[in-house]
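Down below is the structure, laid out as structure tokens.
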Amino acid sequence: MYKQLTKRLLAGTKRSATEEELRLAWLHELQNALGVTFQAERGRNDASYNQVIIEFKNTGLFGGRDKSPAFKEAIHDRLKKYIIAKASYEGLDPSDYIGIATDGLHIAFAYIKAGDIEHGHLMPLSESSVALVAQACRDSIRRAVTPENLIEDFGHSSRPGAAMMQALADALVSNLSSKRPNKIKMLFEEWRTLYGQVANLSSNQVLDILSSIGFNISASKQASKQASKQASKQASKQQYRTCGPVCHPHL
């Protein structure tokens, strides 16, 4: 597996003329091979996956030397700042994070220790160094509790979020379609009346919302009309019970 991944990464490196092209090529291959999704260009770092942060430099810019200006910049001016900032935002210890610096031809790992950053040897791109990158990503399973992660994992665009909203929508449709009167119909009609007064959405806006929410609303117009009719009947009965023949002398 890592042999083929190494070949594809090397091919991507050779095709890349800029740092951006290198980043896109590597993330594409890593995501396909490992089944993970990197967060690119979030928080100013090039790419991250949970507690793994990758800093890319233009192809061959390290020159195979950990004393090169480009390597020092990647470690001390980029990864150190990114790790400390990300740890502070996510409420985790900086030592929990792994930094990876690469120019497509060489790879180095970095860690925060006692408030400073330390790095390992600058390794050439090979099956063994790629295996270490893959292992670091596979081992990084701790998901920080942040608004972005919660939306990504449980928002309406996620599978769990869409499934939950679909179940709620189906339950609503079932109650609205029921021939028997129920409280859900009455509450739905009240909500629709009040929301309509505030929002006053056009039909095109409604269609745009339905196409973006990530689940299907299969309620028919007949079900909605039926709910409105029955809710109106219930409201009339309630009003009669309240004021009696004085309000409705014809009844």
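Below is a table of values for the structure above.
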{"item": "At R0 = 22 Å, FRET efficiency that the Cβ-Cβ distance of residue 194 and residue 168 yields, to 0.05", "result": "0.70"}
{"item": "Amide H partners (placed H, <5 Å) of residue 46, local residues excluded", "result": "56"}
{"item": "Residue order, fewest to most beta carbons within 10 Å, for 158, 140", "result": "158, 140"}
{"item": "Charge context of residue 95, other residues only, Cβ under 12 angstrom, K/R +1, D/E -1", "result": "-3"}
{"item": "Computed over the range 2-144: relative contact order in percent, which uses C-alpha pairs under 8 Å that are six or more apart", "result": "25"}
{"item": "Trypsin sites (Lys or Arg not before Pro) restricted to DSSP loop in the range 46-152 with at most 12 other C-beta within 10 Å", "result": "65, 67, 142"}
{"item": "Integer Hz, Karplus 6.51/-1.76/1.60 couplings in order for the range 96-104, x for Gly and Pro", "result": "6, 9, 10, x, 10, 10, 8, 10, x"}
{"item": "Fewest-first sequence of 52, 198, 145 by Cβ atoms within 10 Å of each Cβ", "result": "198, 145, 52"}
{"item": "Alpha-carbon centroids, the range 109-149 and the range 1-66: separation in whole Å", "result": "13"}
{"item": "Long-range HN-HN contacts of residue 125 with modeled amide H, under 5 Å", "result": "106, 107"}
{"item": "Residue-wise HN-Hα coupling along the range 141-158, computed from phi with Karplus coefficients 6.51, -1.76, 1.60 (Hz; x: Gly, Pro)", "result": "9, 7, 9, 5, 8, 10, x, 5, 5, 5, 5, 5, 8, 10, x, 5, 7, 7"}
{"item": "Residue-wise HN-Hα coupling along the range 71-83, computed from phi with Karplus coefficients 6.51, -1.76, 1.60 (Hz; x: Gly, Pro)", "result": "5, 4, 5, 4, 7, 8, 8, 10, 4, 4, 5, 5, 5"}
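Taken together, the values in this text are just the output of simple stated rules run on the coordinates, not laboratory data. Source: prediction; values computed, not measured. With ideal geometry, Cβ positions are generated from the backbone for all residues, glycine too; neighbour counts draw on all protein chains shown.
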